[in-house]
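*Asks:* Structure incoming, see below.
Every number in this text was worked out from the coordinates using simple rules, so none of it is lab data. Predicted model, so just to flag it, every value in this text is computed and none were measured. Note that each Cβ is placed from the backbone with ideal geometry, even for glycine, and that neighbours are counted across all protein chains shown.
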Amino acid sequence: SAVISQKPSRDICQRGTSLTIQCQVDSQVTMMFWYRQQPGQSLTLIATANQGSEATYESGFVIDKFPISRPNLTFSTLTVSNMSPEDSSIYLCSVARTQNTGELFFGEGSRLTVL
Amino acid sequence: DAKTTQPTSMDCAEGRAANLPCNHSTISGNEYVYWYRQIHSQGPQYIIHGLKNNETNEMASLIITEDRKSSTLILPHATLRDTAVYYCIVRVTGGSYIPTFGRGTSLIVHP
């Protein structure tokens, strides 16, 4: 398994501000993903975080709104920019050790409330 | 990756077996079936996966039909702590990996 630490675990933010969420893994992993889970909903994939290059975003998500960094094989950040109340969600970091292993491991999530 | 269909909700008595079905009729030969669960306010947790043979681990058993178009996750002796949303997904190992989750099945285990 992989131990994933996310910070912050929760935050309350003002409209128009930005927040950066950190994801730290206890070992090197190949694949890192960021998900959003809106209240009462399933997980929606935002993007795949690629080491040393731009993230791969899913339809409906753009880099200007959700910039992602992945400087190495154990760390990634997701920024939620210019927040609005509609961005209130749980944001989850997920990893897979290699591209050939299908098990995903998840952090506990970062619960974001935008006022 | 193939899509999956699961019942929205199920309930089960504590101590009884919980059988959660998943339909994946468009699954292709190199796609695995994965199961995860998400207990309230926690991140999802991997449970089990399989290709075509039945699988068992300390958490659950996975039964895959011979035609691989459906599968069943079995929790042999459900406890109150098994109350969670259970997600079934299929994916190709080693291919372009876009892990997507459906709405899952909300399992409520009652006393």
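*Asks:* What distance in nm lies between label points placed 7 Å from Cα along the C-beta direction at B:Met10 and A:Ser9?
*Replies:* Inter-label distance under the simple model: 3.1 nm.
*Asks:* Another question, if that's okay. Is region B:21-105 best put as rounded, prolate or oblate by its Cα gyration tensor, with a ≥ b ≥ c the root eigenvalues, rounded for a/c under 1.5, and otherwise prolate when a/b is larger than b/c, oblate when not?
*Replies:* It is oblate, given that a/c is not under 1.5 and a/b is not larger than b/c.
*Asks:* So, one more: Hand me the GluC sites (Glu not before Pro) from region B:50-80 located in a DSSP loop with no more than 15 other Cβ atoms within 10 Å, in residue order please.
*Replies:* Numbers: sites: B:Glu55, B:Glu58, B:Glu66; in loops: B:Glu58, B:Glu66.
For GluC sites (Glu not before Pro) across region B:50-80 that sit outside H, G, I, E and B with at most 15 neighbouring Cβ atoms in 10 Å, the list reads B:Glu58, B:Glu66.
*Asks:* Another question, if that's okay. Under 12 Å from the Cα of A:Lys7, which aspartates and glutamates turn up, not counting those fewer than eight places away in the same chain?
*Replies:* Result set, ordered by chain and number: A:Glu108.
*Asks:* Also, quick follow-up: Would you mind computing, in nm to one decimal, how far apart the modelled labels at A:Thr56 and B:Ile39 are, each placed 7 Å from Cα along Cα→Cβ?
*Replies:* Those two pseudo-labels are separated by 3.3 nm.
*Asks:* For region A:45-59 and region B:1-47, write down the distance between their C-alpha centroids in whole Å.
*Replies:* Centre-to-centre distance over Cα atoms comes out at 26 Å.
*Asks:* Cross-link partners among lysines for B:Lys69, C-alpha distance below 20 Å, same-chain residues fewer than 8 apart left out?
*Replies:* Cross-link targets: B:Lys3, B:Lys52.
*Asks:* How about chain B: what cysteines have no other cysteine beta carbon under 4.7 Å from their own?
*Replies:* Flagged as lacking a Cys partner: B:Cys12.
*Asks:* Work the Kirkwood hydrodynamic radius out for chain A: mean of 1/r over every pair of different alpha-carbon atoms, inverted, in Å. Before the final figure, lay out each step's value.
*Replies:* Working: mean 1/r = 0.0714 Å⁻¹.
After inverting the mean inverse Cα-Cα distance, the result is 14.0 Å.
*Asks:* Tell me the label-point distance for the pair B:Tyr46, A:Thr20, using the 7 Å Cα-to-Cβ offset, in nm and rounded to one decimal.
*Replies:* Distance between the two pseudo-spin positions: 2.9 nm.
*Asks:* Specify the residue with the greatest mean-square fluctuation among A:Val80, A:Val95, A:Val62, computed from a Gaussian network of chain A linking alpha-carbon atoms under 10 Å apart.
*Replies:* Taking springs between Cα atoms under 10 Å, the residue moving most is A:Val62.
*Asks:* Evaluate E = 1/(1 + (r/R0)^6) for B:Ser106 and A:Asn82, where r is the Cβ-Cβ distance and R0 equals 30 Å; express this FRET efficiency to the nearest 0.05.
*Replies:* On the way: r = 34 Å, r/R0 = 1.12.
It comes to 0.35.
*Asks:* Could you work out the per residue convex hull volume over the alpha carbons of the protein assembly as shown, in cubic angstrom?
*Replies:* Details: hull volume 26.4 nm³, N = 226.
Here the figure is 117 Å³ per residue.
*Asks:* Rounded to the nearest 20 Debye, what is the dipole magnitude of chain B about its Cα centre when Lys and Arg each give +1 and Asp and Glu each give -1 at the C-beta? Mind dumping the intermediate values first?
*Replies:* Values: 9 positive and 9 negative charges, 40 e Å.
About 200 debye.
*Asks:* Could you work out how much longer the chain between A:Thr30 and A:Thr113 gets when fully extended? Use 0.36 nm per residue separation minus the Cα distance between them, nm to one decimal. Don't skip to the end; give the middle numbers.
*Replies:* Details: separation 83, 0.36 × 83 = 29.88 nm, distance 3.05 nm.
Taking A:Thr30 through A:Thr113 to full extension adds about 26.8 nm, to one decimal.
*Asks:* Moving on. Where Lys and Arg each count +1 and Asp and Glu each count -1, what net charge lies around B:Tyr86 among other residues with Cβ under 11 Å from its Cβ?
*Replies:* So the environment of B:Tyr86 carries a net charge of +1.
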